[in-house]
Amino acid sequence: MKPSRFIYHAPSEVEEVLELLSEYGDEAKILAGGQSLMPMLNFRLLAPAHLIDINRVTGLDNYALGDSGLSVSALVRHRDLELSPETELAYPILHEGLTNIAHVQIRNRGTICGSLAHADSAAELPSILIALDGRMNVRSKSSRRTVPAEDFFRFHLTSDLDSTELLESVDIPAMTRNSVGAFDEVTRRKGDFALVGAAVVGTWSEQGTIEDCRIVCSGVAPTPLRLKEAEEFISGTDLSDEVLIGVQQLVTESLEPTEDVHTSAEYRKKVTGVVVRRGLARLAGQRRVINV
Amino acid sequence: MSEAVELDPVESKMWITVTINGSKDTYLVEQRLTLADFIRKQVGLPGTHLGCEHGSCGACTIIMGNRAVRSCLLLAVQADGESIETVESLAENGVLSPLQEAFHANHALQCGYCTSGFLMSLVARLREGPIESEAEAREALSGNICRCTGYTGMVAAVMSLSSANGQNGEGV
Ligand SMILES: Cc1cc2nc3c(=O)[nH]c(=O)nc-3n(C[C@H](O)[C@H](O)[C@H](O)COP(=O)(O)OP(=O)(O)OC[C@H]3O[C@@H](n4cnc5c(N)ncnc54)[C@H](O)[C@@H]3O)c2cc1C
Ligand code: FES
Ligand code: FES
């Protein structure tokens, strides 16, 4: 018997989940895919008194792709979206991010919302959600609120959710015809958390310049890090080789990344510049495809 | 936090009905029992192995609802109403399945500790379609860890299947 004792709840309605959360708050943990929570329970790093398993809640396992964008409910597994050709077509960057998460056996259970609520600073999805300007739909027994992805991540493993709140779904706005995005990362082995990852998004204008850029990095700070200086540097340019070399230099020189057991700050500095450049080079390549 | 909770020993158990390797049964399980420990100790099928117990090694991989999953990261109570396949489902009357036979023929195992996890990952993968290239074979093997073989034999085993057995996912 690995986890310490808890009282197991398997509600079937969202309202019951919210009721349990409001009753037990700090004493409770939501169990979604379990791919981050179960290891912590097995090692007794966490010992919640109540476990609220949301896997049997009706109506949480669906996603909807429409003209205004994509909406993903709390129980949609990484693998569900990964296997959706429409989603891959609408958001290639999201598909790339998903296939970089762990291995298929983990993605078969892990959920999109669980990855976001878990808020690991090296995870792929938080950076991608910020790059795509996603919105988190958060609900408790007494309130509902929507949090922009950019304000959702507070610290490594800490999101904006309080202990009575459920991340019920996330919304991602539709990408326009000229919008492009790419995700790239460096890992020691395939499937590992990113040493450094970069989600880059932009829109090609009719004049052939890149606008509305977002560059968001995983693994370099306690939260996903938006590189605003680099965004400004590339905005309005044509992402020529010169610009790409310049932005790589800027990122490498200005970044002060975290150091941990996985790698040194020095290595992260170098690699972040490279990963950002590679991502942007792909945006440059996509310009030819969309033909502006 | 948890120390303060008084748990009724009866209340902390639940009845679950699970189909394991084709046979449906009802069990009384402790709420905090992992699915892996349930399969090994309560059901008595020790072929599912435990290495890391945090999702990394893949030794505990089983198939639930047609998807390969880590049984160390699930609770037994979560399997209520589900259909599970373990490595014990592969051989029939002591005759190895084609995939097991390919492992045997290609020296794809040494100590064998990791083998059941690899087999179940591959069974799930092969049901989705044939593995056409060495790169695809390595991708299919990448979610499990083997400390002995260096994977070469496993890649050879998977590739031998593709030519010999048509790899349509039936009876692998
Ligand atoms: C071997 C291995 C490798 C991995 N590699 C990667 C990787 O490369 N990249 C990566 O991003 N992740 C990786 N992961 C983690 C994986 O992606 C997890 O699935 C994910 O982080 C959590 O999603 P989950 O649904 O499993 O959540 P759970 O484990 O069930 O929950 C995680 C946390 O979020 C809370 N939570 C979950 N859902 C909600 C909700 N809807 N509302 C409020 N709170 C909620 C839980 O209470 C818990 O605190 C890996 C995991 C393993 C085991
Ligand atoms: S024992 Fe489950 S993955 Fe290692
Ligand atoms: S054969 Fe020994 S770990 Fe794989």
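The values are calculated or read from the model by the stated rules, or taken from the named source; none is laboratory data. Worth saying up front: this structure is predicted, and the values here are computed from it rather than measured. In this analysis, Cβ positions are derived from the backbone assuming ideal geometry, glycine residues included, and neighbour counts consider all displayed protein chains. Ligands, DNA and RNA are stripped out before the accessible areas are found, and what is left, the full protein with its side chains, is counted by its heavy atoms. Shrake-Rupley method; radii C 1.70, N 1.55, O 1.52, S 1.80 Å.
Just a few scattered comments:
- Max mean-square fluctuation residue, GNM over chain B, Cα-Cα springs under 10 Å, options B:Val155, B:Val95, B:Val18: B:Val95
- Couplings 3J(HN,Hα) for segment B:13-29, derived from phi with the Karplus relation 6.51 cos²θ - 1.76 cosθ + 1.60 (θ = phi - 60°), are 10, 9, 7, 10, 10, 10, 9, 10, 6, x, 10, 8, 8, 10, 9, 9, 10 Hz, where x marks Gly and Pro.
- Of the residues B:Glu128, A:Glu232, ranked by 1.4 Å probe accessible area with the largest first, the sequence reads A:Glu232, B:Glu128.
- Residues whose amide H falls under 5 Å from that of B:Ile84, counting only those 5 or more places apart or on a different chain, are B:Thr19, B:Ile20, B:Asn21, B:Gly22, with hydrogens built in the peptide plane.
- A:Asp238 - accessible surface, heavy atoms, 1.4 Å probe, Å² rounded to 10: 70
- Centroid-to-centroid, using Cα positions, segment B:47-126 and segment A:81-152 are 29 Å apart.
- Coarse-grained scattering of segment B:13-86 at q = 0.20 Å⁻¹, given as base-10 log I(q)/I(0) from a Debye sum over alpha-carbon atoms: -0.75
- Gap separating the Cα centres of segment B:134-158 and segment A:238-292, nearest whole Å: 33
- The long axis of helix A:265-290 is offset from the longest Cα principal axis of chain A by roughly 70 degrees.
- Beta bridge orientation in chain B: antiparallel %, DSSP, nearest 5: 90
- Descending semi-axes in Å of segment B:98-165, equivalent ellipsoid built from Cα gyration tensor: 17, 13, 11
- Between 0 and 90°, nearest 10: helix B:115-128 axis offset from chain B longest Cα axis: 70
- When all protein chains stay in place and ligands, DNA and RNA are ignored, the 1.4 Å accessible-area order of B:Thr26, B:Thr19, largest first, is B:Thr26, B:Thr19.
- Based on C-alpha pairs under 8 angstrom that are at least 6 apart in sequence, chain B has a relative contact order of 22 percent.
- The coefficient of translational diffusion for segment A:25-169, derived via Stokes-Einstein from the alpha carbon Kirkwood radius under 25 °C and 0.890 mPa s, stands at 158 µm²/s.
- Theoretical FRET efficiency, 1/(1+(r/R0)^6), r = Cβ-Cβ of A:Glu19 and B:Val95, R0 51 Å, to 0.05: 0.45
- The convex hull around the C-alpha trace of the protein assembly as shown, projected and averaged over every direction, spans 23.2 square nanometres.
- Protein accessible surface hidden between B and A, which excludes ligands and nucleic acids, total in Å², probe 1.4 Å: 3200
- For segment A:53-65, putting each phi into the Karplus relation 6.51 cos²θ - 1.76 cosθ + 1.60 with θ = phi - 60° gives couplings of 7, 8, 5, 9, 6, 6, x, 9, 9, 10, 10, 10, 10 Hz, in residue order, rounded to whole numbers and with x for Gly and Pro.
- Share of pairwise Cα separations in segment A:182-291, more than 17 Å, in percent: 49
- If you take all other residues with their beta carbon under 9 Å from the beta carbon of B:Asn21, and give Lys and Arg +1 and Asp and Glu -1, the sum is -2.
- For A:Ser264, solvent-accessible area (1.4 Å; no DNA, RNA or ligand), Å²: 40
- Charge tally for A:Arg277 (other residues, Cβ to Cβ under 13 Å; Lys, Arg +1; Asp, Glu -1): 0.
- The simple Förster model, with R0 at 45 Å and r as the Cβ-Cβ distance, assigns A:Ser4 and A:Glu266 a FRET efficiency of 0.65.
- Using a probe of 1.4 Å, the accessible surface attributed to A:Glu86 totals some 100 Å² when neighbouring protein chains are kept in position.
- For segment B:9-96, share of DSSP beta bridges that run antiparallel, in % to the nearest 5: 90
- Charges were assigned to the Cβ only: +1 to each Lys and Arg, -1 to each Asp and Glu. The resulting dipole of segment A:182-291 about its Cα centre is roughly 480 debye.
- Taking all protein chains together, B:Cys72, B:Cys57 sort by accessible area into B:Cys57, B:Cys72, largest first [probe 1.4 Å].
- Model label sites at A:Ala64 and A:Glu229, defined 7 Å from Cα along the beta-carbon direction, differ in position by 4.3 nm.
- In this simple spin-label approximation, A:Gln249 and B:Glu128 carry label points 7 Å from Cα along the Cα→Cβ vector, and these lie 4.4 nm apart.
- The convex hull built on the alpha-carbon positions of chain B has an orientation-averaged projected area of 11.0 nm².
- 0 to 90° range, to nearest 10: angle between helix A:14-24 axis and chain A longest Cα axis: 70
- Counting only DSSP beta bridges with both residues in the protein assembly as shown, the antiparallel share comes to about 85 percent.
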